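Remarks on the structure that follows.
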Amino acid sequence: MEKLICFIFLLFPIVQSYLVGCYYDYNQPLVLPEQLPTGICTHVLLIGAIFVRNLELSVIEHPYNGFIALESMRDYRTRDGNKLKLIPSILGDDAEWKSALKDSDSQMTFISSLINFAKIQNLDGFDFDWEYPCGEYKSIYTSFIEKLRIAVDEVFHNEFLLTTAVGAGKNTIDNCYEIEKLSQVLDLIHLMTYDYHSIYDKQTGYSSPIYPKNVEVGDARYYNTEWSAAYLVEQGVPRNKILIGLEGLGHTFQLNNSNIHDFAAPVIGPGYGGGWMTFIEFCLLVRTAGSHWDDEAKVNYTYYKDQWTNVGDVRAAEEKALFIKANGYGGAFTFGLHLDDSADICQYGETFPIHRTIARYLQ
Ligand SMILES: *[C@@H]1O[C@H](CO)[C@@H](O)[C@H](O)[C@H]1NC(C)=O
Ligand SMILES: *[C@@H]1O[C@H](CO)[C@@H](O)[C@H](O)[C@H]1NC(C)=O
């Protein structure tokens, strides 16, 4: 364990004591690679370009060329003085993951393909975003990561990062990850502490509360950042390997009754935007509709006529950073750079206000 902890410090020998991982989806042309801020992220996770397919990695060709995206990320790393780590996030259909991890032979084929790809593309690591390796795949996933760890350590001499995205719900954690064993061989866990509430609850709720509200009792107390992160620690995951998620999106709701608009108000379906709103859309809406701060959950929400929504804003990001420091977690990650305000449309007085806020608090 100590060896792995030292290992992280070796890889991130910067004065910064917390890590900040930044997902970046090149599919969102609102933020171009050339605009990405330097000195903010410790690692960038290019997502949406690379998929598991036929026991190897497949790079997308449309609507953009994934190899060009990878090149842009290497340029970003260079612009950042080579401190930034480039760790592409790998997605894939359930069936493709299952076939790649099916048995020792398929796993070895997949592992060689990963290593070749990493060498050719000059990567600093891989992030795995299989949602989710549940049931019988729970232990298969662990043994795959264990084998990959051994293989990459041999080839890259302990200078290669392996990370994974982990769902924050209790059922997902229980059914889909041998989290303690996994955490021994992974460098970092990107804990997706968002999407806690949606219209499936049939009532308004926050996408990413930090804390539970007093009115929440029983199982309802599991649906917040504090609970999910503490649960991983309770299972044996080292705190400094847990990165807390911030999402630049939130769920929208259509209220059943415009006059009942507090937390847990009845809803009849998704609201604006088919159920999702970005951080920028939220800040623009708040200008007209005003905002309401929930000091228990530490989030801002808004309502307008029969519409209700909450997206993590700058204040919520500050609170998350304080939470991370107070609890000794490894840092934060964002989803992502492509959803932040690259043009100061929100008038916070700076570009990428969410990312710059997180960096100011965690540096
Ligand atoms: C929704 O509103 C209607 C009409 O105001 C009311 O009769 C009904 O009970 C409400 N449903 C919920 C779940 O609150
Ligand atoms: C909620 O958001 C609004 C709009 O960005 C902001 O002015 C306000 O300060 C926030 N509330 C709190 C309590 O931080």
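The values are calculated or read from the model by the stated rules, or taken from the named source; none is laboratory data. Here the structure is a predicted model, which is why all the values come from computation and not from measurement. Note: ideal-geometry Cβ built from the backbone for every residue, glycine included; neighbour counts use all protein chains shown.
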> Taking the range 55-94 as the search range and keeping residues that are part of a loop (DSSP other than H, G, I, E, B) and under 22 Å from the mean Cα position of the chain (by Cα), which one is farthest from residue 41 (Cα to Cα)?
Replying inline: 93
> Which ones in the range 159-187 are in contact (Cβ under 8 Å) with a residue 60 or more places away in the chain and over 13 Å from residue 129 (Cβ atoms)?
Replying inline: 159, 161, 168, 170, 173, 184, 187
> Looking at (1) more than 10 Å from ligand 2 (Cβ to nearest atom); (2) within 25 Å of the chain's Cα centre (by Cα); (3) polar (S, T, N, Q), which is the one condition that is false for residue 288?
Replying inline: (2)
> Consider residue 263 against the criteria (1) surrounded by 15 or more Cβ atoms within 10 Å (Cβ to Cβ); (2) away from ligand 2 (no atom under 16 Å from the Cβ): it satisfies all of them except one. Which criterion is unmet?
Replying inline: (2)
>> If I filter the range 15-32 down to residues being closer than 15 Å to residue 85 by Cα and touching a helix residue (DSSP H, G or I) at 6+ places or on another chain (Cβ under 9 Å), which single residue comes out as surrounded by the fewest Cβ atoms within 10 Å (Cβ to Cβ)?
In response: 16
> What number of residues in the range 233-267 are within 16 Å of ligand 1 (Cβ to nearest atom) and not aliphatic (A, V, I, L, M)?
Replying inline: 10
> Going through the range 322-343 one residue at a time, which ones are in contact with a Gly (Cβ under 6 Å, 6 or more places away or on another chain), under 16 Å from residue 242 (Cβ atoms) and in a helix (DSSP H, G or I)?
Replying inline: none
> Among all residue pairs at least 6 apart or on different chains, which show Cβ distances below 9 Å where the first residue, located in the range 239-264, is under 15 Å from residue 188 (Cβ atoms) and the second is modelled with pLDDT under 95 and more than 16 Å from ligand 2 (Cβ to nearest atom)?
Replying inline: 240/5; 240/8; 241/4; 241/5; 241/8
> Only one of (1) in contact (Cβ under 8 Å) with a residue 24 or more places away in the chain; (2) within 28 Å of residue 231 (Cβ to Cβ) fails for residue 346. Which number is that?
Replying inline: (2)
>> Given the criteria surrounded by fewer than 22 Cβ atoms within 10 Å (Cβ to Cβ), in a helix (DSSP H, G or I) and of a type outside the set (D, E, K, R), does residue 361 qualify?
In response: yes
> Conditions: (1) out of contact with any helix residue (DSSP H, G or I) (no Cβ under 7 Å at 6 or more places or on another chain); (2) acidic (Asp, Glu); (3) surrounded by fewer than 21 Cβ atoms within 10 Å (Cβ to Cβ). Residue 146 meets all but one. Number of the miss?
Replying inline: (1)
>> Which of the strands (runs of 3 or more DSSP E) found entirely inside the range 266-321 contain at least 1 residues meeting this: on the phi > 0 side of the Ramachandran plot and surrounded by fewer than 15 Cβ atoms within 10 Å (Cβ to Cβ)?
In response: 267-270
